[in-house]
Amino acid sequence: MSFEPKILGIACNWCTYTGADLAGTTRLQYPQNIRVVRVMCSSRINPSFIFRAFQLGADGVLVGGCHPGDCHYNTGNLYARRRLAVTKKILEFAGMEPGRFRVEWISASEGNRFAEVVREFTEQIRDLGPQTQFKISQ
Amino acid sequence: MSRIGVFVCHCGLNIAKTVRVSELAEFAATLPDVVVAKDYKFMCSTPGQEMIAHDIKAHRLDRVIVTACSPLMHEQTFRKVLAASGLNQYLLTIVNIREQVSWVTHDIDEGTAKAKALLNGAVRRARLLAPLTSRVIDVNSDVLVVGGGIAGIQAALELANTGKKVYLVEKNSTIGGHMAQFDKTFPTLDCSACILTPKMDSVLQHKNITLLTSCEVSEVKGFVGNFDITIRQKARYVDHTRCNACLACTEKCPGKAVSEWDEGLVKRKAIYIPFPQAVPQKPVIDRDACTFFKKGKCRLCEKVCEQKAIDFEQQDTFTTVKVGAVIVATGYDLMDTRALIQYGYGKYPGVYNALEVERLFNSAGPTGGKVTLRDGKEPQAIAILHCIGSRDKNNYEHCSRVCCMYSLKFAHLFKEKTSADVYQFYIDMRAAGKGYEEFYNRIIEEDVKFIRGKGARVAQSADEPDRLVVEAEDTITGKFIRLPVDMVVLSPAIIPRGDAKDIARLFNLSTDRYGFFMERHPKLAPLSTMSEGVFIAGVCQSPKDIPDTVAQANGAAAEALTIVVKDKMELEATTAMVNPASCCACQNCVRVCPYGAPFFNEAKGVSEINEALCKGCGLCASVCPPSAIIARHFTNDQVLAEMEGLLEF
Amino acid sequence: MAISFEQIEQNLKTEARKLLESGKVSLVLAYGRGYDENHPMPYVAKHPSDVDNIVFNEYCTANLARYLTRYPRRTKIAIAAKAADSRAVVQLIQEDKVCREDLVVLGIPVYGMKNFKTGEAIDSKTTGGLSNPVLYDILLGEEVHGQPVSSPYDVLAAYEAMDKEERWAFWQRELGRCIRCYACRKACPMCYCDPCFIDQNKPKWGEKSPESPGNLMYHLTRFHHLAGRCIDCGECSRACPVDIPLYLFHKKVAKDCEEMFGQAAGMSIGDKPVLVNFRVDDSDKILE
Amino acid sequence: MSQTVTPYLEMSQAIMEAGGEALKKCYQCGTCSGTCPWTPITHFNIRKLVRYGQLGLDGIEDFMWGCSTCRFCVERCPRGVEIIDIVTAIRNVYSGGGMLPQSLRAFVGSLSARGNPWSGDPARRNDWAREKYPVYAPGMDYLFWTCCTVCYDPRNTRLAKAAAEILNLAGVRWGMPSPDVNCCGESLRKVGDAELFERLKAKNLDYFKAQGISKIITVSPHCLATFSKDYGEDFEVVHLSELMAQWMQEGKLVPKKDFGGLTVTYHDPCYLGRHSKVYDAPRDILKALPGVTFVEMERNSEESMCCGGGGGGLWTEKAKGERLSDLRIEEAMGTGATVLATACPYCITMFEDSTRTLNVDGQIQIRDVTELLLESLEISIDEPVGDACAV
């Protein structure tokens, strides 16, 4: 059986989650490997959420937030940008493939873009193969 | 142990077509703590809702999971079902298997598998949910309006007419703002005073408006619905409760100072009213110009005042008012163009800025409405220079928006009042507005000369020393123009009031790079700010004309009304709180919060959160290294549990 | 110019005595003798008579800023601070953990300090490439000039050059040895949380027993918590009983932060820690 | 003259790639052309040059050589366009295609063959010094960078000598470059020959590195500007006027000679003023000279007029009536000054030329601030002032 990656999405309520809904409303098709957790703002994402997701067996993690400047909470995503950038650097220095963790700004009107990013990311993770480094074997 | 009910919706075929809903319900029944799991055609229909309500009672459910469309669609609907059944509404979880599952795949196996994973996550999260209660607070029914220009006047009157009590704070001794300085308004050329002074008078007369001139906001406490605003009444040295506005004092006063109202073109007395139609029409003493304050002798005003209203001992006083909402309408200043040495403002007497020219046209102005130069002569040639400091990276990048139109108005008035030749030096003519293009055409036909090229330099004429020359390129012909004129009018950049930064700090408003107040959303919330309950109107937000300002003022009044019309309001329940036992006093939360909700309690040595200000974004929780902050409804363990569930299958 | 440790010790004693006698401070954080010459220990002088117990030699590597947060706010403290230590002081001031006006910083310009376990000089590894304190009230020696300047990040080259599998294996091996004694966080001047996230049960961020996944969670999260705050004193690594080179990871994160945000930790008391700050024009490239 | 044209965007693209990226920002308001000193007196129009560049229109050749890179337009541009970069890029693109005016061919040729614009023998670069002054050796405080113009142009060798004497009086350890160096290349870069510029620069940098040079003094603001902006940041460059003003303030140089009521005005060289933001130092020096009445021209400091010598203008022939230096001389004389002081060898050359063609060389003298200061220190360089102009 071919490898079906597990992808965790974490999306902010106001932009990316709404954009993902729009992708549905407009019936855009994308792979079903992504499972989205809704948070109110991308700034809610604790770096440990990401580390934990990989330990729980996620093959890839995609974070979505409002475009910088459009944050529902004004500046939340500007903090998130810095904090998640550091998270990414830590993962990479620990030895993880850089492609497994990705942050994208997707607005509520960009259903198309949400679908596109998910398609592309899923392909990328499929190519990288299963994530075994962090995963805690049961 | 919780008792969870799972309700899977078919949404007709919308879901059922690509998710095997009955299989999903059967799967749900196998998950921990799930005591009942059902599927139904339309869960949001009345029978669907009744089924949930019935099962809550029948199965003594303490958690409900609805597996249906996006929470953005029906979360509220189902929350009401829970509330009606005696269950806390925050114990509801929605699993989005329509927008994010059934509609985005054609493969029923894939759809079903993903739905199961999502549901698994939801069950794990639901077990950890806690009931939340929104705090309900009383709402102060009054409104504060800051700034007594046309925006503030309009907003105050609109609100007062609905029966709400309004405090209108103005830092000057009269209301009216810049509009009261104008003679005519574009494009209709109706008299500014004729349309404004009745409104000013209504403010004074209105039983619901408390007019606070010579006042400034000095402290803001509280939050939406419950602001405590401290207002400083600056000493006027005239007891306005006694003064009968006979103005005998202003006649006798020997003290002189430049008239701010007339843009420094003339002098006024030390005890004065700024202009004849000022509201209130009672004088104040300018301490810096008063002979008594300077030399300790004089008191002429006191001698002539029959009402005994003069009070040299008066001090600043402070009062606190309670309001539910605030409208900020603090207006604008013109950029100080002296820094642009190439235009010679402040150096050549023939160079004027736009507001000075407004005063020259005004019949109550320094020249009685005659257009004369500082030496009393009538100008023979006049150049109006657009975009001075606006649209300019070295100064202000924004377009000041009204200059094109007022420059046309000036041209018209110059033509009407003098026999001068009038030239406009412009980059682009911007006449987008009702009747504006027509006005532009009218001015062209009045034989005003339009030179398409930004004025580059103003200098003294070499041949006629009392005249000026304007240098520019006419970019249409590519010719260098050296134009002898008697008068140059600069249209300077419109910028926020010098003290806008203080106002921003007081009300916790964000500003753009130049200090204009930021709206919450440029399109969908143009009058709201990041501070709940504080609204903005007029040029303090960005340059705009009078019609737009008035429209904004009405809009801001309506926005404020939506708050103060209620007696009580519910605060956000999904706020953050600090667990003091874990707080390490790093104060990261205090540093990052866009709303200023967290604060450091020095006495206890821990951070605390003012829940009334919290909007529930969760930023503070993620920057809290010892996880001492609990972001309600999105707690660390809730999110982790959901992730665990999602990634299990 | 050679460093005279005796001179520094002498100056330290003189200043400490003056400060305690005048009542300007209620305690002086310095070094005292351990079980032998080569193992000095942190020492708190509270009375002028304690001053005689103060020592200073090349093994006084401990970062005394660690102890600043142990005293009630507003305690007047004098602290002996080498270059990296002074950056810790600055960082703590930025974080409002201590107030500038409550501190007398006794700056020690020095190089050639030695790891008390190995005797090896620490200059190129864990001093942030600095010899002189960035903040002080009194300098206990002449500023050091003319020492070969090395980038604090030079030692990273070998690790950055590894491919990701090698690096993963390296850290698996190193972090896998962790016995979860938490000496690293005890020694760290920036680890002042109590309780630490890893000690919590709700949520349980990671296993508490010394096995790989829990170790990884603890250390990676700690690296994040110290991002933009670690001042490269190297105390975590020297404190580690199993000699895990934690300083390498901290250094890498510090380097990335400096590159991305243009600010190194603890250099200026007016700075705001980079991860509780932002610039509107931060580039999205940092996420790539 | 109406004709149909088609935008040729490949050309516009080429200009942007050559460093004229700022083309995109311009909104054609005419501030540059309204500010440009050339617009009133020649057909050169800087706005049109940019416009033609934006659309890649034919006919750009008519405009490309008029700019003297005085930076007045750049300072005023509301869009922050680096207009000089555009001019340089356009010249680079077109002169690459062989379109170089006749007068500039000798200039470029000399730079290419001899490493200086004056067709001077490279080996005789230091002849002006007559072995009186030292060549730089490692360990010295400063390299005194002698501009090609002060080495080879007879009038300007006086400036070189004056500067050398002042350096000696100030007591600094200094040396001039060995003949291994060549022109700084500033004007050449503005003329558009980026390739040759890089060659000249590399040779100079090799010399700087080999000698371990860290501090450089220039008398030409052109060398100053290009060293500080185009040569990297490995060394510190300063214009002599700044040091002289500092030394006077420190009391190291004390003017003695009373000039007895001499009226002096000062012309800000574009490359010292607008390019390098040095306005006060030369004025401070002049004001401190005993018996000098200092007067300003109307256009001074940030608003100073250009002499026309920058951007290759020094080597380009201009018709009478189209010379900025003539206008500037008239403006200077209008103040009643009998000495026009400046601080740039290019300005000196341009103005001396104008005083002769206007036939006013008896009424106004052109002096470098350095020369005036040396005179007030009562040191004369061993050469009569009078006949220096003869070439």
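With a 10 Å cut-off around each Cβ of C:203-215, the average count of Cβ atoms from other chains is 3. Taking only Cα atoms of segment C:5-139, what ratio of Rg to Rh do you get with Rh as the Kirkwood inverse-distance radius? A ratio of 0.94.
Counting only aspartates and glutamates at least 8 places from D:Lys190 when in the same chain, those with an alpha carbon closer than 19 Å to its own are D:Glu17, D:Glu21, D:Glu61, D:Asp62, D:Glu75, D:Glu82, D:Asp85, D:Glu198, D:Asp230, D:Glu317. Quick check on my link table: of B:Lys252/B:Lys282; C:Lys46/C:Lys76; B:Lys184/B:Lys417; B:Lys164/B:Lys207; A:Lys135/C:Lys204; B:Lys171/B:Lys523, which ones sit more than 20 Å apart, alpha carbon to alpha carbon? The pairs that break the limit, which is 20 Å between Cα atoms, are B:Lys171/B:Lys523.
Beta-bridge orientation, segment B:334-494: approximately 40 percent antiparallel, per DSSP, counting only bridges with both partners inside. Within 10 Å of the Cβ of each residue in B:70-81, the mean number of Cβ atoms contributed by other protein chains is 2. The amide H of C:Val104, built 1.01 Å from its N in the peptide plane, has C:Ile77, C:Ala78, C:Ile79 as neighbours under 5 Å, considering only residues 5 or more places off or on other chains. For a 4.7 Å threshold on C-beta separation, the list of partnerless cysteines in chain C reads C:Cys60, C:Cys99, C:Cys178, C:Cys181, C:Cys196, C:Cys230, C:Cys233, C:Cys240, C:Cys257.
Magnitude of the charge dipole for chain D, about its Cα centre and with charges confined to Cβ atoms of Lys, Arg (+1) and Asp, Glu (-1), is about 360 debye. Above 28 Å, the calculated P(r) of segment C:93-236 contains 33 percent of its Cα-Cα pairs. In terms of packing, defined here as the mean over residues of other Cβ atoms within 10 angstrom, the peptides B:88-99, D:312-323, B:589-600 line up highest first as B:88-99, B:589-600, D:312-323.
For the protein assembly as shown, the Cα-based Rg and Dmax, in that order, read 38.4, 118 Å.
If both residues of a DSSP beta bridge must be in chain B, then about 50% of such bridges are antiparallel.
Legend: mean number of C-beta atoms from other chains within 10 angstrom of residue C-beta atoms, peptide C:160-166, equals 2. Compared with the dominant Cα axis of chain C, that is its longest principal axis, helix C:5-22 is turned about 70°. For segment D:19-141, the Cβ-based charge dipole about the Cα centre amounts to some 160 debye (Lys, Arg positive; Asp, Glu negative; other atoms uncharged). Extent along the principal axes, Cα only, for segment C:199-249: 32, 25, 14 Å, with the longest axis given first. In a fully extended conformation the segment linking B:Met73 and B:Asn441 would gain 127.4 nm over its present Cα-Cα distance, using 0.36 nm per residue.
A Cβ-based charge dipole, computed about the Cα centre of segment B:1-59 with Lys and Arg at +1 and Asp and Glu at -1, lands at about 100 debye.
Taking Cα atoms only, the orientation of helix B:403-417 departs from the longest principal axis of chain B by about 30 degrees.
Along its three principal directions, the equivalent ellipsoid of chain B from the Cα gyration tensor extends over semi-axes of 62, 32, 21 Å, largest first. Each residue of segment B:223-230 is assigned a 3J(HN,Hα), and the resulting list reads 7, 3, x, 9, 7, 10, 10, 9 Hz, derived from the Karplus form 6.51 cos²θ - 1.76 cosθ + 1.60 (θ = phi - 60°), x at Gly and Pro.
The angle between the Cα long axis of helix B:46-58 and the longest principal axis of the Cα atoms of chain B comes to about 60 degrees, rounded to the nearest 10. Normalised size of segment B:575-631, defined as Cα radius of gyration per 2.2 N^0.38 Å with N residues, equals 0.94. Summarising the strand pairing of the protein assembly as shown, around 40 percent of its internal DSSP beta bridges are antiparallel. For B:Ser390, the residues whose amide H sits under 5 Å from its own are B:Ala493, ignoring neighbours fewer than 5 places away on the same chain, with H placed 1.01 Å from N. With the dipole of segment B:334-494 worked out from charges on the C-beta (+1 for Lys and Arg, -1 for Asp and Glu) around the Cα centre, which of B:Ile476, B:His398, B:Phe410 lies farthest toward the positive end? Towards the positive end, the residue furthest out is B:His398.
Multiplying each eigenvalue of the alpha-carbon gyration tensor of segment B:4-134 by 5 and taking the square root yields semi-axes of 22, 15, 13 Å, largest first, rounded to whole angstroms. As a rough guide to protection, the peptides B:446-455, B:292-301 ranked by mean Cβ packing within 10 Å, highest first, stand as B:446-455, B:292-301.
Average 1/r across all pairs of distinct alpha carbons in segment A:30-138, invert it, and you get the Kirkwood radius: 14.5 Å. Reported value for segment B:248-304: 75 Å³ per residue, from the convex hull of its C-alpha atoms. Partner lysines whose Cα lies under 19 Å from the Cα of B:Lys80, excluding those fewer than 8 positions away in the same chain, are identified as B:Lys57.
Over all alpha-carbon pairs in segment C:154-282, figure out the percentage whose distance exceeds 17 Å. Summing the P(r) of segment C:154-282 above 17 Å gives 61 percent of all pairs. Packing order of peptides D:165-177, D:246-258, A:88-100, B:169-181, highest average first: B:169-181, A:88-100, D:165-177, D:246-258 (average count of other Cβ atoms within 10 Å over each peptide's residues). Under conditions of 20 °C and 1.002 mPa s, chain D yields 99 µm² s⁻¹ as its translational diffusion coefficient, taking Rh as the Kirkwood radius over Cα pairs in the Stokes-Einstein equation. Cross-link pairs exceeding 24 Å between alpha carbons, from the set D:Lys25/D:Lys229; B:Lys434/B:Lys544; D:Lys229/D:Lys287; B:Lys199/B:Lys303; B:Lys116/B:Lys615; C:Lys24/C:Lys186: D:Lys229/D:Lys287; B:Lys199/B:Lys303; B:Lys116/B:Lys615; C:Lys24/C:Lys186. Here's the list of aspartates and glutamates a cross-link from C:Lys164 could span, going by alpha-carbon distance under 18 Å and ignoring same-chain residues fewer than 8 apart: A:Asp59, A:Glu92, A:Glu97, A:Asp127, C:Glu174, C:Asp256, C:Glu288. Phi angles of segment B:100-110 translate, via the Karplus equation with coefficients 6.51, -1.76, 1.60 and θ = phi - 60°, into HN-Hα couplings of 10, 10, 5, 7, 10, 9, 9, 9, 5, 5, 4 Hz per residue; Gly and Pro are given as x. Of B:Lys269/B:Lys295; D:Lys132/D:Lys161; C:Lys117/C:Lys208, which sit over 20 Å apart, Cα to Cα? As for pairs spanning more than 20 Å Cα to Cα, those are C:Lys117/C:Lys208.
Residue-normalised convex hull volume from the C-alpha trace of chain C: 148 Å³ per residue.
No lab work stands behind these numbers, since they all come straight from the coordinates. Just so it is clear, the model here is predicted, and its values are computed rather than measured. Every residue, glycine among them, receives a Cβ derived from its backbone with ideal geometry; neighbour counts consider all protein chains shown.
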